[in-house]
Structures are given as C-alpha cells and as structure tokens.
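Please read the structure below before turning to the comments.
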Amino acid sequence: MAAQTADKLDKLHLNGSTTAGKTITAAKARAEENGTSEHDGSEDDKEDEADAGDNGVTGATKKKKKRKPKKKKGPAPKAQTDPPRVPIAQLFPNNQYPTGEEVEYKNDNAFRTTNEEKRHLDRMNNDVLTDYRRGAEAHRQVRQWAQKNLIRPGKSLHEIANGIEDATRALTGHAGLEEGDNIKGGVGFPTGLSINHCAAHYTPNTTSRPWIVDQKDVLKIDVGIHINGRIVDSAWTMAFDPQYDNLLAAVKDATNTGVREAGIDVRMGDIGAAIQETMESYEVEIEGKTYPVKPIRNLNGHNIGQWEIHGGKSVPIVKGGDQTKMEEGETFAIETFGSTGKGYVKDDMEVSHYAKRVDAPNVALRVSSARSLLNTINKNFGTLPWCRRYLDRLGQDKYLLGLNHLVQSGIVEAYPPLCDVKGSYTAQFEHTILLRPTVKEVISRGDDY
C-alpha cells in the first residue's frame, strides 16, 4: 500500500417405585462388570438406562443396542482449492511455513550470518516470523490464483476485489464478521485496483459504477494480508497487451533493485538513487510513440509496524539527501512506481480507503453517528486500513455523515486515489522485507515475482 500506505445431562427423576430402583441397580451392576462407573459408560449404555427407566423394564431384559462405529477423520488437505478456501494452517499443520528469500548481509554486516548472539536474537523472534510466513504464504496462494483464474479483461473491479478478499479471509481463517476477528488476522488493507493513470489507493465502493477491465488497461493490484497485525504488503501489475511489457519490466527491475540495496545501516537516499537509475534506463513504445519511464517521485516505500501499514520512515524512489538509516528488526515495504506521464501524482476520484490514525486525538464527538462509527472501527479494524465496502459488509448504513465528521476531527485519515495525468500509464511492484538479525528475508517473494 503506497505511502504518501458442553452438553449437560438431564437429571433422572425417580418416582420411588420398585421397578425404577431395579433399573438403576441393574445399570450399576452392568457398569461394575465392565470395570467402569455408571457415569463413564458409553452413550449407548446411557440410552439403555434411559429407555429402561421409561418403559419400566430392567437392564437385564433390555436388549443392548448395537454401537455405531466412530467416523474417522479424513486426512488433512494437501492442496489448495479453486477458488482458494483451505486455510493455510490446515495445509501446514506443523506450523512450519515456507521461508521467504533469505539474503545474507554484506560488508560490515557480513558477520551477522554466523554470529551466535545474532542467531539467538533471531530464534527469539520465531513467533513473529511464523506469523509473517503464514501471511506471506496466504498472499502467494491468493495472488497466484487471482493471476490465473480471476483477473482478466471483462471482469469488473468489484468481482476482482471481492474474489481476492474472500480468498484472503478463507486462507487466514478470519472471516472478519465477528467483533475483533479482523484484528486477529485477515485483510491487511483494502485491495488496491488502480488502472492506467491512477497509480494507487483505488478500490471500488459498493455504490461505485461498474468498472470493467479492458484489454488495453494496465492494472495495479496491491494486496495486504496480516496475522496478528504482521502485515505482508505486496503488489504487482498486469497488462493484457504486450506493448506495455517494458513499462512493467522497468518497475519490476527497479523494485528488485530497491530490495537488493536495502539492509541494516543503509541510508534511504542511497536506495532511492539506485531505484531511479534502474527505472530511468528503460523506455516504452505505446501506440507508436516512445516514452521514458519515470519514477513517480512523490510516492515512496515505507516501514511497517504491527497493525500499522505506514510507519514513520519512508523509502524514496528517487535520489535525495535522506540520511535516515534502516535498522535491525525493522520491516519495510519496498515499492516503486513508474509512469509515462509527469511522474507526479495528485489526489483524484472518489475516496474509498480510510484508517484510524495511530495518534488520533481524544476529542468530543457531537455527532452520534460518528461516535457509533468510531466504536465499530475500534472493534473491527483498530488502526488497520479499511474501506466503505467493509462497513457495508458489517451491516453499517447511513454512516457517511459520521465518517466525514471523524475525518474532519483528525481521528480518521482518508486516502484518496493518487493519479498522474490522464492518458498516461503507471505500473507498480512491491515486496515486504524483514531485516532479521542474521539475514534479510524477502518474505513476499514468490515464483511469480
């Protein structure tokens, strides 16, 4: 996301008759013969006792029912379905998820790979790594299914967004309909589906006009998946006409350059310079006209905190004087954007993305719908980004007045779509990296990109 992102048993009622007493005695005798107490017998024994009590006959004369064989549990699923609906935790029942791409540190940090202290620190973060890797594997399976079976010309953005998000909720095991469930895991932020000159932060609202993907479109897909607030933020671009191939190649190469250059003690400005040099070495011919591929200079990568998609650090994609360093233990989204336009984006179109600010002020809300909506946000999203479709899914209605009041009060941040000039084409690729004490792990790396 771009930064500017027990069943109870009934008591037996005895009528004091001799027959009832004989029934209980017979049940006890049968239990003693089997070496168990009357409370430890099988369900069939209990049914025999109950029937005997009801019919006034003893357990000795009552024919014992045949026990039903227990149903054996089937083997754990070994493959994902189409569409994806098998939770990742079921595919990896030992809780050992695939490791991302591990890259050893170089130069002054080369010692980290074998240093025992650093390896000990790495082991201490095992729970965090497990959450990230589970989320990353869900991300890979969702996006690779979407690439092959969902995203194509003729599909609407509503269909694509709902398809990706339904798969995400199924694979993480968090449907997000119960209070607090989405905070435990699931969708990390609204699925970004930005077309052509729109570079980032567009997802359809429920009431948006149907937007159908065209053969000539360049579509950016930005997907966030989290487990316990550990967000995996990764994006890719799809085009259906080969004339855009060089645009996509330029941005993918630039993102991989940023991933390669990033590391502990590396300065942000140096990463930006390397990204810019790579991207500007490409040009693309569209409809017979050649365009240089420009980095969008006012869009950046960013660090990621727990339940916080945009941390306090930015990773530029152009050269500059930022001397801020990356540090051990941090998580970054390395993302780059290329454009055939001006290489600069502005707010445009209908807002759909929102998030409660981490530093939200404690102000009195005079609008009752704002208070009610804030309560819903706190219980279902916390500081994770969300969109209006998610409120609709929770059954919220008539919330726009309250939503606007929360934005004006500085409690909720609105993230409008970010667009270059009309007629231009933009592309995006993004990976999440973990600066572990011993190695850099590109947690979102897959066979696709």
*Of the residues in the range 147-170, how many are surrounded by 16 or more Cβ atoms within 10 Å (Cβ to Cβ), in contact with a strand residue (DSSP E or B) (Cβ under 8 Å, 6 or more places away or on another chain) and either under 30 Å from Pro93 (Cβ atoms) or of a type in the set (Lys, Arg) (or both)?*
4
*Identify all residues within the range 94-105 that are exposed (fewer than 11 other Cβ atoms within 10 Å of the Cβ) and at negative phi; write none if there are none.*
Asn94, Gln96
*Kindly indicate whether any position in the range 256-279 is modelled with pLDDT of 95 or more, open to solvent by 70 Å² or more (accessible area, probe 1.4 Å), farther than 23 Å from Lys106 by Cβ and over 26 Å from the mean Cα position of the chain (by Cα).*
no
*asked:* Quick test of your reading of the structure: Val223 fulfils all but one of (1) open to solvent by less than 40 Å² (accessible area, probe 1.4 Å); (2) assigned to a helix (DSSP H, G or I). Name the failing condition by number.
replied: (2)
*So how many residues does the range 280-304 have that are surrounded by fewer than 19 Cβ atoms within 10 Å (Cβ to Cβ) and either closer than 18 Å to Asp322 by Cβ or of a type outside the set (Ser, Thr, Tyr) (or both)?*
9
*Go through the range 406-425 and give me each residue that's over 28 Å from the mean Cα position of the chain (by Cα) and among the hydrophobic types (A, V, I, L, M, F, W, C).*
Val421
*Of all residues in the range 231-255, which are hydrophobic (A, V, I, L, M, F, W, C) and either in contact with a Ser or Thr (Cβ under 9 Å, 6 or more places away or on another chain) or crowded, with 24+ Cβ neighbours inside 10 Å (or both)?*
Ile231, Val232, Ala235, Trp236, Leu247, Leu248, Ala250, Val251, Ala254
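Conditions (1) surrounded by 15 or more Cβ atoms within 10 Å (Cβ to Cβ); (2) more than 30 Å from Thr257 (Cβ to Cβ); (3) at pLDDT 95 or above; (4) in contact with a Ser or Thr (Cβ under 6 Å, 6 or more places away or on another chain), marked per residue:
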| site | (1), (2), (3), (4) |
| --- | --- |
| Asp54 | no, yes, no, no |
| Thr61 | no, yes, no, no |
| Gln80 | yes, yes, yes, no |
| Pro83 | yes, yes, yes, no |
| Pro87 | yes, yes, yes, no |
| Ala110 | no, no, yes, no |
*Tell me, which residue of the range 195-213 that is part of a strand (DSSP E or B) and among the aliphatic types (A, V, I, L, M) is farthest from Ala2 (Cα to Cα)?*
Ile212
*Out of Leu121, Leu129, Leu171, which single residue is closer than 26 Å to Asn380 by Cβ and part of a helix (DSSP H, G or I)?*
Leu171
_Let me spell it out: the conditions are (1) touching a Lys or Arg at 6+ places or on another chain (Cβ under 6 Å); (2) open to solvent by 10 Å² or more (accessible area, probe 1.4 Å); (3) under 20 Å from Ala235 (Cβ atoms), and Ser194 meets all of them except one. Which number is the exception?_
(2)
*Restricting the range 405-419 to residues that are open to solvent by less than 10 Å² (accessible area, probe 1.4 Å) and part of a loop (DSSP other than H, G, I, E, B), the residue that is farthest from Arg297 (Cα to Cα)*: Ile411
*Considering each of Gly446, Gly402, Gly423 in turn, give the residue that is surrounded by fewer than 18 Cβ atoms within 10 Å (Cβ to Cβ) and at pLDDT 95 or above.*
Gly423
_Condition (residue is under 20 Å from Ile231 (Cα atoms) and not polar (S, T, N, Q)) applied to the range 103-117: is it met by at least one residue?_
no
*Any idea which residue in the range 306-322 is nearest to the chain's Cα centre (by Cα), counting only those that are open to solvent by 20 Å² or more (accessible area, probe 1.4 Å) and within 30 Å of His120 (Cα to Cα)?*
Trp307
*Please name all residue pairs, on different chains or six or more residues apart, with Cβ atoms under 8 Å, provided the first residue is in the range 312-323 and is hydroxyl-bearing (Ser, Thr, Tyr) and the second residue is assigned to a loop (DSSP other than H, G, I, E, B).*
Ser314/Asp322
*asked:* Looking at (1) buried (at least 24 other Cβ atoms within 10 Å of the Cβ); (2) farther than 30 Å from Thr290 by Cβ, which one does Asn228 not meet, given that it meets all the others?
replied: (1)
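The values are calculated or read from the model by the stated rules, or taken from the named source; none is laboratory data. Since this is a predicted model, take the numbers as computed values, not measurements. Positions of Cβ are generated from backbone atoms using ideal geometry, with glycine treated the same way; all protein chains shown enter the neighbour counts. Ligands, DNA and RNA are stripped out before the accessible areas are found, and what is left, the full protein with its side chains, is counted by its heavy atoms. Shrake-Rupley method; radii C 1.70, N 1.55, O 1.52, S 1.80 Å.
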